[in-house]
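The values are calculated or read from the model by the stated rules, or taken from the named source; none is laboratory data. Please read these numbers as outputs of a predicted model, since none were measured by experiment. Because the Cβ atoms are built from the backbone with ideal geometry, glycine has one as well, and the counts that use them run over all protein chains shown.
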Amino acid sequence: MNTREDQPQETSVRYAAPVLKALAVHLGVAMMLFVSFTSAPEFEPAKPIVQATLVQLNSKSPATTQTDQSIAGEAAKTAAPQHEAEELKQEQQKLEEQAAQAREERAAEAAAAAAAAKEQQQKQAEAQKQAEAQKESEAEKVAAAAEARKADAAKKLAAEEEAKKKAAAEAAKKQAAAEAAKKQAADEAKKKAAAEAAKKAEADKAAQQRREAEDAKARALAELLADETQYQQAQADQMGDEVAASFDDLIRRYVSEQWRRPPTARNGMVVDVVISMLPTGQITDAVVSRSSGDAGFDQSAVQAVRNVGRIPEMQQLSRDNPATFDRMYRKRTLRFKPEDLSF
């Protein structure tokens, strides 16, 4: 006969066998799922649900407890195989559902993969089409650029030809202008030579006429000098030949040293200049009394007298013979000729 202490142990042994069998079934199912999932996409493993119910029987009396335990034990023995079959059925149903779900998921994934592949294929086809279109566009651009370069080259060649023609025409025009200028220069040179020849002939004629006029003036001057010599001689007779000749030569020498022959002076010109002097020999004034007809020659005579300034020797004449000085040299007429000076 079992005691109260042995009854719980027997109950634990009876419940341990079904639990172990259930664990073995779960382990087998898990291994089958593991094998089936190796070829299928990875899913989040189902979390096993272990439900355990701890039943504690409290009896008021040993007889009642023993009877209840015996009944429970028999019931457990009878219900254990049925419970295990239900659990196996539920596990198999669960596995079938999971397998169906896995197949659906794999089918969905395959469909998605097929759709993605189709989309990728369409994208690749579109990209290839765009690449071909771009390639054709690039080819068209290259062809257009080649045509443009060809047109530019033709245009440039035409422009160069036109420039060559224009340059040739310009060169011909310049050459014609140069020939015309050369001919004109030759004509002008001929005209200039003819004009110079005519001018030279005219100059020679004028020179001849001038020489003839100068010769006539020289003859007239010779006659005038003859008259002047007689005039000077008459004056010399009044004051003495030696004194007059001496002071006249002195004045002539002073004035000749200061006179500069002007470019306009010609043989035959005569100008009379009146000289005013003080007894000290200081020349106070010089004016033209008779012009030569050439202002430059007249002015040169006046300037020569003024440049003398003073004749110191006249002071001795005024001191020794003041009457002679006052009569002949207070105012003295000096006659200028280009070839000489005379009184």
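Numerical summary
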read-out: Boolean, ARG332 is at pLDDT 85 or above, surrounded by 15 or more Cβ atoms within 10 Å (Cβ to Cβ) and of a type in the set (D, E, K, R); value: yes
read-out: Conditions (1) surrounded by 15 or more Cβ atoms within 10 Å (Cβ to Cβ); (2) assigned to a helix (DSSP H, G or I); number of the one not met by PRO262; value: (2)
read-out: Among the candidates LYS123, LYS94, residue that is free of Cβ contacts under 8 Å to residues at least 60 places away in the same chain, closer than 30 Å to LEU20 by Cβ, assigned to a helix (DSSP H, G or I) and not polar (S, T, N, Q); value: LYS94
read-out: Per-region count, segment 282-292, residues modelled with pLDDT of 90 or more and not in a strand (DSSP E or B); value: 1
read-out: Some residue of segment 303-312 being at pLDDT below 90 and on the phi > 0 side of the Ramachandran plot; value: no
read-out: Verdict on ALA203 being at pLDDT 85 or above and small (Gly, Ala, Ser); value: no
read-out: Residue within segment 239-249 that is touching a strand residue (DSSP E or B) at 6+ places or on another chain (Cβ under 8 Å), at pLDDT below 85 and assigned to a helix (DSSP H, G or I) present; value: no
read-out: All positions within segment 90-107 that are closer than 12 Å to VAL29 by Cβ and not aliphatic (A, V, I, L, M); value: GLN90, GLU91, GLN92, GLN93, LYS94, GLU96, GLN98
